[in-house]
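Q: Quick one: structure below, then a few questions.
The values are calculated or read from the model by the stated rules, or taken from the named source; none is laboratory data. As the structure is a prediction and not an experimental result, all values here were calculated from the model. Cβ placement follows ideal geometry from the backbone for every residue including glycine, while neighbour counts extend to all protein chains displayed. Surface accessibility is based on the protein's heavy atoms, side chains included, excluding ligands, DNA and RNA. Shrake-Rupley method; radii C 1.70, N 1.55, O 1.52, S 1.80 Å.
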Amino acid sequence: MAGGNSNYWEDLRKQARQLENELDLKLVSFSKLCTSYSSSRDGRRGDSSDTAPLLSNSTQDRMFETMSVEIEQLLAKLTGVNDKMAEYTSTPGVTSLNAALMHTLQRHRDILQDYTHEFHKTKSNFMAIREREDLLGSVRKDIETYKSGSGVNNRRTELFLKEHEHLRNSDRLIDDTISIAMATKENMTSQRGFLKSIQSRVNTLANRFPAINNLIQRINLRKRRDSLILGGVIGICTILLLLYAFH
């Protein structure tokens, strides 16, 4: 049983060393690819867009994607082997050799960590170079387009400036209108509060002087009574006149 476990451990170590060797070669090639990509871009920076070869750039981009996938697969496999080695070190039957096994496992883990860090660093550098060069290429293309059609661009620029000025004037008019509306709202609110204050004072006076309130009510009743009497007299006189006229 111990011999079988030992063979299993040795198989895992062989797999780990084989994957580490493959990763080491892949990372060297990957680093050279990124360096050659940067050098080729620097060499073409002074060339015109008509003479700069585009096929090599696209080919390098495809190679970069392919190698990235391959290295990621190798890192995943090496991680799986390290996990199996970690499981083996926790087996009850190998506790006597646990210290030596853990030392070997830690060394393989350190190698995996170094390879992972190197891969991500190289990949990040490559992506930064490609983004920078793409941005510079786009700027150069815009400059060339501007130079080739400067008259049309100048006309468009004038139109854009005029449209921008119109928009600014519209914004100022809208701001003035909003300011007037806010001032009107504040005045109406102030007047409303003033009227409420007057109404409150009148109610207060009416409540304080109930005699005045009763006097006003009596005056109103007398006015109504006088109006009714006057209306009755006018009605009777009208009837008498009509009777006299018909007779």
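Q: Condition (residue is within 30 Å of Thr35 (Cβ to Cβ), surrounded by 10 or more Cβ atoms within 10 Å (Cβ to Cβ) and modelled with pLDDT of 75 or more) applied to the range 134-155: is it met by at least one residue?
A: Yes: the range 134-155 contains one or more residues that are within 30 Å of Thr35 (Cβ to Cβ), surrounded by 10 or more Cβ atoms within 10 Å (Cβ to Cβ) and modelled with pLDDT of 75 or more.
Q: I need every pair where a residue in the range 63-75 that is more than 16 Å from Ser36 (Cβ to Cβ) has its Cβ under 9 Å from the Cβ of a residue that is aliphatic (A, V, I, L, M) and part of a helix (DSSP H, G or I), sequence separation at least 6 or different chains.
A: Ile71/Leu23; Ile71/Leu27; Leu74/Leu19; Leu74/Leu23; Leu75/Leu19; Leu75/Leu23; Leu75/Leu112
Q: Can I ask one more? Going through the range 66-78 one residue at a time, which ones are closer than 12 Å to Leu23 by Cα, open to solvent by 10 Å² or more (accessible area, probe 1.4 Å) and of a type outside the set (A, V, I, L, M, F, W, C)?
A: Result: Glu70, Glu72, Gln73, Lys77.
Q: Could you look through the range 52-65, keep only residues that are surrounded by 12 or more Cβ atoms within 10 Å (Cβ to Cβ) and in a helix (DSSP H, G or I), and pick out the one that is modelled with the lowest pLDDT?
A: Filtering the range 52-65 for residues that are surrounded by 12 or more Cβ atoms within 10 Å (Cβ to Cβ) and in a helix (DSSP H, G or I), the one modelled with the lowest pLDDT comes out as Ser56.
Q: Working carefully through the options Asn98, Asn21, find the one that is open to solvent by less than 80 Å² (accessible area, probe 1.4 Å), in the same structural domain as Ser124 (by the TED database) and either at pLDDT below 85 or in a helix (DSSP H, G or I) (or both).
A: Asn98
Q: Against the definition (modelled with pLDDT under 85, surrounded by 11 or more Cβ atoms within 10 Å (Cβ to Cβ) and either assigned by the TED database to the domain that holds Phe30 or over 23 Å from Gln15 (Cβ atoms) (or both)), how does Arg109 come out, yes or no?
A: So Arg109 does not fit the description; no.
Per-residue answers, yes or no, for (1) in a helix (DSSP H, G or I); (2) among the aliphatic types (A, V, I, L, M); (3) modelled with pLDDT of 90 or more:
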position: Asn82; (1), (2), (3): yes, no, yes
position: Ala86; (1), (2), (3): yes, yes, no
position: Met102; (1), (2), (3): yes, yes, no
position: Leu105; (1), (2), (3): yes, yes, no
position: Gln113; (1), (2), (3): yes, no, yes
position: Thr116; (1), (2), (3): yes, no, yes
position: Phe126; (1), (2), (3): yes, no, no
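Q: Sticking with this structure for a sec: All but one of (1) under 43 Å from the mean Cα position of the chain (by Cα); (2) aliphatic (A, V, I, L, M); (3) under 15 Å from Glu10 (Cα atoms) hold for Leu101, so report the exception by its number.
A: If we test Leu101 against (1) under 43 Å from the mean Cα position of the chain (by Cα); (2) aliphatic (A, V, I, L, M); (3) under 15 Å from Glu10 (Cα atoms), just (1) comes out false.
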